[in-house]
Amino acid sequence: MKILCWNTDEAVWKHWNHVIDTNESLERVEKFDDLQHSLQTASFKYCFIYLSDDSFSKQVEDVVSLCLGFPNQRIIVFPNQSSQQAALRLFSVGVSGQCAPYIGREQLSLVLSVVDSGEIWGGKAFIQQLILQSAATAINVQHNDLEDLSERELSVAQFIAKGLSNRQIALEMSITERTVKAHLTSIFKKTNTKDRLSLGLLAQNNDQML
């Protein structure tokens, strides 16, 4: 069984090789483009992704893009920091599990067995927190929807929810990246959101309530 790994630093890579089952093999790629190419040209049972503290939000959005591009791929993320908002964003687009980067051998085996059964893994306490956070977000959305946005701003918000970058949004809408950034500044102010993660989650919840 092959597992594709992306964005692992040396310590995490060494640890994963130590705790993985002997029947499994890890393959490592360094660049996001290489990750996409590997998933397009070969078959992997799992994709392990380490989310480092550096550029954390961008890495989350890269994973969102990956999930949308490869909906049948089982993706497990290993964030180095705790973020309920990021977890909600990732699970909402189909991530199969979230674990600590330095997970133990027995725990990792359990995670993979749960994912194999078609369930998601986050740990009991985390899932409970996730449910509470989802409920709070749903309540918040009722009072903080996207009705104040212009048609173009709404389109930008919807593209953010799909995981598109500023450059991709600019191409889709035939505008400049500078204009996209201007729209985002206005959207953040109108929706009382602070970043792409919270805006993407808001837009996704808004679509589900329509």
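Rule-based calculations on the coordinates, nothing more; no lab input. Since we're looking at a predicted model, the values are computed, not measured. For neighbour counting, all protein chains shown are included, and Cβ atoms are generated from backbone atoms with ideal geometry for every residue, glycine included.
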Completion exercise
Expected sort for Thr41, Thr193 with the fewest Cβ neighbours (10 Å cutoff) up front is Thr41, Thr193
Practice task
Tell me, rounded to the nearest percent, the portion of alpha carbon pairs in the stretch 4-86 spaced more than 17 Å apart.
Solution key: 45
Practice task
Taking H placed 1.01 Å from N in the peptide plane, check which residues at least 5 places from Leu51 or on another chain put their amide H under 5 Å from its amide H.
Solution key: Phe78, Asn80
Handout entry: Under the Karplus curve 6.51 cos²θ - 1.76 cosθ + 1.60, θ = phi - 60°, whole-Hz ³J(HN,Hα) for the stretch 52-64, x wherever Gly or Pro sits
Key = 7, 5, 5, 6, 4, 4, 5, 5, 4, 5, 5, 5, 4
Handout entry: Under 23 Å from Lys58, Cα to Cα: lysines that are on another chain or at least 8 residues apart
Key = Lys31, Lys162, Lys181, Lys189, Lys190, Lys194
Practice task
Starting from one equal scatterer on each C-alpha and no solvent at all, send me the Debye-based log10 I(q)/I(0) for the stretch 144-209 at q = 0.19 Å⁻¹, two decimals.
Solution key: -0.62
Exercise for the section: Take the Cα atoms of the chain, build their convex hull, and give its volume per residue in Å³. Expected result: 125
Completion exercise
With x for Gly and Pro, the residue-by-residue ³J(HN,Hα) of the stretch 190-205, computed from phi through the Karplus equation 6.51 cos²θ - 1.76 cosθ + 1.60 at θ = phi - 60° and given in whole Hz, is 5, 9, 6, 9, 10, 7, 5, 4, 5, 5, x, 5, 4, 5, 5, 5
Practice task
Count charges around Leu197 for me, please; just the other residues with Cβ under 12 Å from its Cβ, Lys/Arg as +1, Asp/Glu as -1.
Solution key: +2
Fill in the blank from the handout: Per the helix-only model, the chain has a calculated mean residue ellipticity at 222 nm (DSSP H runs of ≥4, -39500 (n - 2.57) each, divided over all residues, rounded to the nearest 500) of -18500 deg cm²/dmol
Exercise for the section: Return the sequence-ordered ³J(HN,Hα) values of the stretch 177-187 in whole Hz as given by the Karplus equation 6.51 cos²θ - 1.76 cosθ + 1.60 applied to θ = phi - 60°, using x for Gly and Pro. Expected result: 4, 4, 5, 4, 4, 5, 4, 5, 4, 5, 5
